[in-house]
Amino acid sequence: AAASAEDENGDPRALARNVYDLTLDAFHPSTGISPNERLWFKTNLKYGQLLYEMNETAKLQMVIRDLLLSSGQPTDILEGNISSSASNMDGTNNTTGGTHVMEIAALQIQLYSRLKDTKKLRAAYHRAMSVRGGIPHPRTLALIQELGGKMHMSQRNFNDASQAFFQAFKSYDEAGDRSRLRCLKYLVMASMLHASSINPFDSHEARAHRDDPEIVAMTNLVHAFHNDDIRKFERILKKNEGRLMDDEFVREHVADLLRTIRTQVIVRNIGPYTRIRLSRIARDLNDIPVEDVESLLVSLILDGKLEGHIDQVNGILVKKALDAGAEKEGNGANAANPADGDGSVESRNIASLDQLTAALEHLTGVISKVGGKGASSFHQQVMQ
C-alpha cells in the first residue's frame, strides 16, 4: 500500500503500470484466476501503449512477443525477418485475426520508430500493409500510416510518403482525432519535397480544413511554393506562423524544403540565359551566400537537370549551349536547353523562345548582308 501511494504521488503512469500488471495476471488465459483471453489481449495492447509512452522499450518488446504468440503469429519480426511469415500475413483473411495483427504491428512500428531501427520498422510496416480482412480502429490504421509516411520521408521517398500521410489524414479524420491536422501538415510538406504541381488542398477531404487556424500558415506556404515566391516562403518559416517550427518533424525537413524551392527558382530564372552571374542568382534567392548558390548548381548539374559549368574565377554560370560553338552565325534553333529534359510547359516555352530569337537574329543578319541588292536577292537568301 505504501509503494502504491508513493507511485501515485510520484508518477501516475507508474501506478497505472502496477494496475495493468495485476489485471494481466488475473486475466491470463493459462494461469489467471479469471482467464479471459480477449480481455487479456486488449489489456496487453493498452499496457504496451503505456510502456511506449514511458519509454520502457525492453519491457515493451516482451509484451509484443506475448501478443504475437497469443495470436498465433510468428515472432520473426523482432529479428527483422518476415520471410517465413509473409505467407501467413497474406493469408490472414479472418477479421479478428487480421485486426489483431494490425494492432500488434502498430505497437511494433512505434517501438522501432523510436529505436530508429529502419530495417525492423520497414518489416513491421509491410507486415501491417499485407494483412487482408482486418478491420482495426481508424486511429490504429492512421498511426500505422503516419509512421510509415515518416519512414518513407527518412528514405527520401516523398511520393510514397505523400500517399501514406494522406491515408493517415483520412483515417484520423474518420476517427474525429485532431491529429488529422498534424498529418495534413506532413502531407503538404511531403508534396512540396516531391515538387508536385498538385496542391494537396485541392482534395475534398483537405479543403474542409484549409481555413483552420493551424493550417492557414501551411496554406500560405503552399501558395508561396507554387508561385516560387521564396521571400514569402522564408518569411513564413522565420516568423513561425501557425507554430510550424514547433513540430520537430517539420524542423527536420526545413533545410530540404528551402533547397527544393531554391532549386525551382534557379531553374526558372536561368532559363532564358546562357551566362549569368552567381551573385545575381544569390540575389534572386533572397541574398543567400554565393557558396550556397554553387552547391545548388553543382547538384543540378550532377542530377542532369542543368547542362553547363561554373566559372569560379569570374563567378559565372556558363550553360552548355554557349560552349558548344553551335551558334556561330546566331542560329540557335538547335541549341541545347538544359531544362528540356523535364518536359515541363515552362521548359518548352523557353525552348520555343530561344528558337524564335535565333530565327530573328538569322533574319536580321540576312537583311544586313543583302543591303541594296534588291528584293529578289533578299528573297533568295532568306529561302536559303
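The values are calculated or read from the model by the stated rules, or taken from the named source; none is laboratory data. Everything numeric in this text was worked out from a predicted model, so none of it was measured. In this analysis, Cβ positions are derived from the backbone assuming ideal geometry, glycine residues included, and neighbour counts consider all displayed protein chains. Accessible surface is based on the protein model in full, side chains and every heavy atom, while ligands, DNA and RNA are left aside. Shrake-Rupley method; radii C 1.70, N 1.55, O 1.52, S 1.80 Å.
Remarks
- Pairs with Cβ under 9 Å, 6+ apart, first in the range 118-129 and of a type in the set (Val, Ile, Thr), second open to solvent by 20 Å² or more (accessible area, probe 1.4 Å) and not in a helix (DSSP H, G or I): THR118/GLN155
- Residue check for LEU300: part of a helix (DSSP H, G or I) and modelled with pLDDT under 90: no
- Residue selected from the range 176-201 under the condition assigned to a helix (DSSP H, G or I) and of a type in the set (S, T, N, Q), by the criterion farthest from HIS137 (Cα to Cα): SER191
- Every residue from the range 220-274 that is open to solvent by less than 40 Å² (accessible area, probe 1.4 Å) and at positive phi: ASP228, GLY242
- Selection of the range 10-51 for residues being open to solvent by less than 50 Å² (accessible area, probe 1.4 Å) and at pLDDT 90 or above yields TRP40, PHE41, THR43, ASN44, LEU45, TYR47, GLY48, LEU50, LEU51.
- Condition check for LEU60: at pLDDT 85 or above, open to solvent by 20 Å² or more (accessible area, probe 1.4 Å), in a helix (DSSP H, G or I) and not basic (Lys, Arg): no
- Residue in the range 175-186 that is under 11 Å from the mean Cα position of the chain (by Cα) and at negative phi present: yes
- Every listed requirement among (1) open to solvent by 50 Å² or more (accessible area, probe 1.4 Å); (2) among the aliphatic types (A, V, I, L, M); (3) modelled with pLDDT under 80 is met by LEU69 save one, (3).
- ARG156 meets all of the listed conditions (1) in a helix (DSSP H, G or I); (2) under 30 Å from SER197 (Cβ atoms) but one, namely (1).
- Check on ASN334, open to solvent by 40 Å² or more (accessible area, probe 1.4 Å) and at pLDDT below 70: yes
- The range 87-100 - residue that is surrounded by 15 or more Cβ atoms within 10 Å (Cβ to Cβ) and under 30 Å from the mean Cα position of the chain (by Cα) and, of those, modelled with the lowest pLDDT: MET89
- On the stretch given as the range 202-242, residues that are more than 16 Å from ARG180 (Cα to Cα), modelled with pLDDT under 85 and part of a helix (DSSP H, G or I) total 2.
- Residue identified as more than 22 Å from ARG243 (Cβ to Cβ) and open to solvent by less than 60 Å² (accessible area, probe 1.4 Å) among SER203, SER191, SER179, SER197: SER203
- Pairs with Cβ under 9 Å, 6+ apart, first in the range 289-311 and farther than 17 Å from THR274 by Cα and open to solvent by 40 Å² or more (accessible area, probe 1.4 Å), second of a type in the set (A, V, I, L, M, F, W, C) and modelled with pLDDT of 90 or more: PRO289/ALA282; VAL290/LEU278; VAL290/ILE281; VAL290/ALA282; ASP292/ALA282; ASP292/LEU285
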